[in-house]
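Colleague: Attaching a single structure in structure tokens format; questions to follow.
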Amino acid sequence: MKIPPQSSPPPESISKKFNNENSLLNFFPSPQLLLQYKEIDPNYANRILTMAEKEQEDRHKKTLYSLQAESRVHLFSMIFGFVLFLALICLAGFLFYIDKDSIAFFVIIGFSVYL
């Protein structure tokens, strides 16, 4: 199966990631090298695969942790926005109550423009 050429080169960070010697693509040794390791010690190939599995598990844990942290930030920002909205509505209501209609109007308009 032939892969069609890309219209534009990949971003610099992606190409650096895949060209890096420590990237996931270069992490596993070739099958010939694994056989050579196995000739030296029969447990080397298993140890390398176990190490790769642990690395993948750690990578998944880090990704999950960062996603959870990001979702907490979004939740707190939504809560803060809602509390700010309620506070400004209360402020506008109070200003209407004390007959400061023009200031209350500007608070409501200013908040609407901010959104």
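No value in this document is a laboratory result; all are computed from the given coordinates. Note that the structure is predicted; figures quoted are calculated from it, not measured. Please note: Cβ atoms are built from the backbone with ideal geometry, for glycine as well, and neighbour counts cover all protein chains shown.
Colleague: What trypsin sites (Lys or Arg not before Pro) in the range 30-115 are in a loop by DSSP, with at most 16 other Cβ atoms within 10 Å of the Cβ?
Modeller: Those satisfying the criteria are LYS100.
Colleague: Each residue of the range 94-110 in order: what ³J(HN,Hα) in whole Hz does its phi give by Karplus 6.51 cos²θ - 1.76 cosθ + 1.60, θ = phi - 60°, with x for Gly and Pro?
Modeller: 5, 5, 5, 5, 8, 6, 10, 4, 5, 5, 4, 4, 5, 5, 5, 5, x
Colleague: Let me ask another. If you stretched the chain out fully between TYR97 and GLU57, how much longer would it get, using 0.36 nm times the residue separation minus the C-alpha to C-alpha distance?
Modeller: 8.4 nm
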